[in-house]
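Structure first, commentary second.
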Amino acid sequence: MKILRAGILGCGGIAQKHVQAALNLKSEIELVAFCDVNETNARTFAEQYTANRATTFSDYRAMIERADLDVLIICLPPFAHTDEVELAAARGIHLLIEKPIALTSELAWRMVNAAERANVKTQVGFMYRFGAATQKFKAEETGALGLFSARYFCNSLHAPWWRMREKSGGQLVEQAIHLFDTMRFLCGEPVSVYSRQTNVFHRDVPDYTSEDVSATVCSFANGALGVIYATNGAIPGKWLKGWHVVAQNLVADFSDWNNATFTRTNAQPPSIENIAATQDAFTLQLQDLVNAIRTNGNTRTPIREGARTLDLVLAAARSAETHTEILLDAD
Ligand SMILES: NC(=O)c1ccc[n+]([C@@H]2O[C@H](COP(=O)([O-])OP(=O)(O)OC[C@H]3O[C@@H](n4cnc5c(N)ncnc54)[C@H](O)[C@@H]3O)[C@@H](O)[C@H]2O)c1
């Protein structure tokens, strides 16, 4: 079995998780190239993780042309996406791309079209989909959905690009997007979205144009509601997340993608199951891409899913700007 040759584009924070995932799958995939506009970052990765065996680049076009890759793992900040998906897809290179895949719907769908036209396998970094509790929920007979609710609470200035709305898209587009994707994955497609987003805590911080408090309501065709709220003014140093699904037969309280309490309300008395797992969602996500490449199968989160979830959070941002409910394309 051929070991797949992988390159990393953007050697920053999240790239380390993908490197670790690749190292966990070393009989399947080998890291042969690293690229970063700041080539020192690429060199540090090559030294630290491959004892300098990998080649380094500062220009993604050069890496895509010369590194003979089977897989490209794209860990660029949101504003830095350009034509890397199109160039890689045209060379038959399979892709794992971090969320949000772009900052505009137009670029996102150009990426989808390029990848689908070239028939390359794609995976978007919505790793919540690979948790044990998430998977268990997918196998449940939940009955009708009534309510999804979720929170994302942190308090950090993050990277300098993060606080600038034009570079990150804002907290909802860059960060709480995981919860919107999880809602779509667990509950299906919403038909409308209404969002309010404000900056309460960081008005005096230079360049801080992202919202730091938001509340969003989505509605579903059967009348069910999804409520997602986020803030970057909560407890410093803590990233607190959780989500809940109330359905006809089941109430599911998730503390993360691996841990949840399921209360089956169609039993008398209701039965309670605790799901507690430690599986590594990043490794499972990469393994799923490798499997799709080897079997010509499908990944769990093809790039089309990245574009659809992006469209949902962009609609929420538009709703917040216009103070109107946005009706969504149900297709
Ligand atoms: N899945 C998750 O839970 C998760 C967590 C954190 C970040 N992310 C996502 O990953 C992406 C990257 O985030 P990060 O925290 O690693 O950012 P980061 O700022 O830590 O790293 C980004 C790296 O990309 C490099 N870079 C920027 N423009 C480039 C270009 N044109 N060509 C090559 N390299 C370039 C930077 O020099 C930097 O080293 C973001 O989209 C973010 O939303 C996902």
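Points to keep in mind about this one:
- Residue list for segment 3-53, filter: away from the ligand (no atom under 16 Å from the Cβ), without any contact (Cβ under 8 Å) to a residue 40 or more places away in the chain and touching a Lys or Arg at 6+ places or on another chain (Cβ under 9 Å): I3, E30, V32, N52
- Residue satisfying all of: in segment 54-78; part of a loop (DSSP other than H, G, I, E, B) and in contact with a His (Cβ under 7 Å, 6 or more places away or on another chain); farthest from the ligand (Cβ to nearest atom) among these: D70
- Filter result (more than 13 Å from the ligand (Cβ to nearest atom) and part of a helix (DSSP H, G or I)) within segment 181-198: M183, R184, F185, L186, C187
- Which numbered condition T55 fails, given (1) over 30 Å from L179 (Cα atoms); (2) surrounded by fewer than 18 Cβ atoms within 10 Å (Cβ to Cβ); (3) touching a helix residue (DSSP H, G or I) at 6+ places or on another chain (Cβ under 8 Å): (2)
- Selection from segment 212-236 of residues that are closer than 13 Å to Y152 by Cα and within 21 Å of the chain's Cα centre (by Cα): D212, V213, S214, A215, T216, V227, I228, Y229, A230, T231, N232
- Complete set of residues in segment 27-52 that are surrounded by 15 or more Cβ atoms within 10 Å (Cβ to Cβ) and in a helix (DSSP H, G or I): E39, N41, A42, R43, T44, F45, A46, Y49, T50
- Filter result (at pLDDT below 95 and either over 22 Å from S195 (Cβ atoms) or more than 16 Å from the ligand (Cβ to nearest atom) (or both)) within segment 132-159: L157, A159
- Residues satisfying the stated conditions in segment 286-305, i.e. of a type in the set (K, R) and within 21 Å of C75 (Cα to Cα): R300, R304
- Where strands (runs of 3 or more DSSP E) fall wholly inside segment 79-180, the ranges with 2 or more residues that are in the same structural domain as L289 (by TED's automatic domain parsing) are 94-97, 122-124.
For (1) closer than 20 Å to L179 by Cα; (2) of a type in the set (S, T, Y); (3) assigned by TED's automatic domain parsing to the domain that holds K99, each residue gets a yes or a no:
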| position | (1), (2), (3) |
| --- | --- |
| T231 | yes, yes, no |
| A234 | yes, no, no |
| W239 | yes, no, no |
| N259 | yes, no, no |
| A267 | no, no, no |
| E273 | no, no, no |
| D288 | no, no, yes |
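- Hits in segment 123-137 (condition: under 17 Å from E174 (Cα atoms) and among the hydroxyl-bearing types (S, T, Y)): Y128
- Screening G237 against (1) within 28 Å of L327 (Cα to Cα); (2) touching a residue at least 60 places away in the same chain (Cβ under 8 Å) leaves a single unmet condition, (1).
The values are calculated or read from the model by the stated rules, or taken from the named source; none is laboratory data. If you're wondering where the values come from, they're calculated on a predicted model, not measured in any experiment. Neighbour counts run over all protein chains shown; Cβ positions are idealised from the backbone, glycine included.
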